[in-house]
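Here is the structure we will look at.
Here, each number is a calculation from the coordinates, and none is a lab measurement. Remember, predicted model here, so these are calculated numbers, not experimental data. Here the Cβ is made from the backbone with ideal geometry for all residues, glycine too, and neighbour counts use every protein chain on show.
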Amino acid sequence: MINIVIVDDHELFREGLVLVLGQVDNFNIVADYNSGDEFLKQIDPLEVDVVLMDIKMEGLNGIETTIKLKEIKPDIKVIAVTMFVEDSYYLQMINAGAHGFVLKKAGKYELMQAVTEVNSGGNFFSQEILKKMAFKAINKEVEKEKALSPREVEVLKLICKGLSSKEISEELFLSPKTIEVHRSNLLRKTDQKNIAQLVIWALKNNHISLG
């Protein structure tokens, strides 16, 4: 069972998410809140796996809420669910610790996929958002290539597909511990703080394409 909390100040949208996702097998909507402030006040007793977080809200916005949440309960996964397409929001949410992004116009199955993949240790980015990031990266100087080994590049590509360490270990016939070492080395060599940032780095440095 995946325990989910929804934080969004648009009441109709929030209620719609509760209704739609509450009907999905293995999804448990623990609670929903109309502000980051209210959510953080009540987080302690809650058992939460994934938070669907609006970015632009009254009071604490989604970025600030995510930063504070990660300080309190770093293991909780955050997916930004937003109508905004400004690149700065995405980068700030990634730096805050978000594991994925879904636009509010996304369908039920895309949301289900995002929650499932992020909960399993992967990451999820709406293709529309990735394409916007890729377009922005075209006119930027590509970062100096780090000395990645062929195996690290292989692991990097699977990470970018949203696979968890367990799934990558099964794909490459390696132990999960070995994959975790590769993940740590990738973050260190690319100077990225988390897997979401690593995906963006891979995109900018042409290790993945959007087809």
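In terms of the Cα gyration tensor, with a ≥ b ≥ c the square roots of its eigenvalues, is the chain rounded because a/c is under 1.5, prolate because a/b exceeds b/c, or oblate? Numbers along the way, then the final one.
On the way: a/c = 1.83, a/b = 1.49, b/c = 1.22.
Prolate shape, in that a/c is at least 1.5 and a/b is the bigger ratio.
Please give the FRET efficiency for Lys189 paired with Lys73, using the beta carbon to beta carbon distance and R0 = 25 Å, rounded to the nearest 0.05. Mind dumping the intermediate values first?
On the way: r = 29 Å, r/R0 = 1.14.
Computed FRET efficiency for Lys189 and Lys73: 0.30.
Can you show me the helix-derived [θ] at 222 nm for the chain, built from DSSP H runs with n ≥ 4 at -39,500 (n - 2.57) apiece and divided by the number of residues, rounded to the nearest 500.
Values: 10 runs with 106 residues, N = 211.
So the helix-based figure for the chain works out to -15000 deg cm²/dmol.
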**Item:** Residue exposure sequence - Tyr33, Tyr89 - by fewest surrounding Cβ within 10 Å
**Value:** Tyr89, Tyr33
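Magnitude of the Cβ-charge dipole of the chain, K/R +1 and D/E -1, about the Cα centre, nearest 20 debye? Spell out each step's value before the answer.
Values: 26 positive and 31 negative charges, 190 e Å.
The dipole of the chain has a size of about 920 debye.
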**Request:** Just need the relative contact order of segment 2-136 here, percent rounded to a whole number, with Cα pairs under 8 Å and 6+ apart.
**Result:** 21 percent
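At 0.36 nm per residue, minus the direct Cα-Cα distance, what do Val20 and Tyr109 gain on full extension? Give it in nm, one decimal, please. If you can, show how the numbers build up before the last one.
Values: separation 89, 0.36 × 89 = 32.04 nm, distance 1.02 nm.
Result for the pair: 31.0 nm of gain on full extension.
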**Complete:** If Leu69, Leu103, Leu12 are placed from fewest to most neighbouring beta carbons inside 10 Å, the sequence is Leu12, Leu103, Leu69
**Item:** 5 angstrom amide H check on Ile2, placed H, neighbours 5+ away
**Value:** Phe27, Asn28
**Prompt:** Which net charge results when you count Lys and Arg as +1 and Asp and Glu as -1 among the other residues whose beta-carbon is under 10 Å from that of Phe13?
**Reply:** -3
**Request:** Sort out the exposed loop GluC sites (Glu not before Pro) in the chain (DSSP loop, at most 15 other Cβ within 10 Å) and tell me the longest stretch that has none.
**Result:** 146-211
**Prompt:** So, in nm, how far is label Val30 from label Leu12 when the simple model puts each one 7 Å beyond its Cα toward the Cβ?
**Reply:** 2.9 nm
